[in-house]
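Right, one structure below, let's go through it.
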């Protein structure tokens, strides 16, 4: 006889309900917004008064062929074309000084009087050569041959050339003949250009070896500025590019002098050197300034102000968009090129209303309300 199993209908219904409930806990649940699992938020609402008090400013996102601005740190350096290193040719000692550090001097102004035994010997040589030259000039054609005349002329020119090499000007050379024997070896050093004494080592009694620099003079009416651009900066600087130097609220116009084609191995930056007119001497060597390069873009770019940028809670770059008057939402973007005050980005649409002022206030409101939006 077959065994018959009786099924309890009530018990079966209970088992089905339990099984269905178990499935709900084991099947994956779809995120409410996106794969990041962030909670959707409607944004930030501001009243008209709040917008005014927080300095909210909005501009329309557009593709631009406009000029690109890049700002780079820079340092003022001496203009090599208007700088003199005053050096001496032979071992010498400082006997008198006539200028001090920071003093403005004129070309051919006397800087110092030095003494050198080598100069004394050169002066004696010149005096003998000059006497011989005077003698052969008077006797030429009579008791002096053409060869003796030419030798006398050559020795005089060589002796005077040696004194010029030691720093003598034409007046000093002529006066060498009149000097008392006790004054031989004393000679003057002169400035060769108008400028300012930037360095000097003219302590009385100090001895120098031949070739040492005893002073540095530079005309600061025109200085150089050396800027450093990131190695991956995709910016062409042309001779006619608009370049400005920014310092202490002042703007100085500059022009390109030299664009380096190699990267500094220590700083990984490219050096750009510009020249700046500095008639009021407001810029000095050693100052740190900012250099602003403006150049025309060759392709349409989506450029926005750096002031529009902020960072989300997870560190991504974001901006705020005004979706409707008084309503602001965060939108993540990516920076593709950095030009300093401007950046090229992706993730925005032409025509969107971008918040460019009051971003800090919106960030504070977002943090206060735990606002975290990912618009991918």
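Report the full-extension gain for the segment residue 157 to residue 258: residue separation times 0.36 nm, less the Cα-Cα distance, to one decimal in nm.
Result: 32.2 nm gained on full extension.
How many angstrom lie between the C-alpha centres of region 192-233 and region 110-187?
Their Cα centres are 33 Å away from one another.
Peptides 249-255, 77-83: what's the order by average Cβ count within 10 Å, highest mean first? Can you show the working numbers first?
Values: 249-255: 13.7, 77-83: 15.9.
The packing order, highest mean first, is 77-83, 249-255.
How far apart, in nanometres, would the label points at residue 101 and residue 59 be if each is projected 7 angstrom from Cα along the Cα-to-Cβ direction?
4.7 nm
Just so you know, all these numbers are worked out from the coordinates, no wet-lab data involved. Since the structure is predicted, the reported quantities are computational estimates derived from the model, not experimental observations. Positions of Cβ are generated from backbone atoms using ideal geometry, with glycine treated the same way; all protein chains shown enter the neighbour counts.
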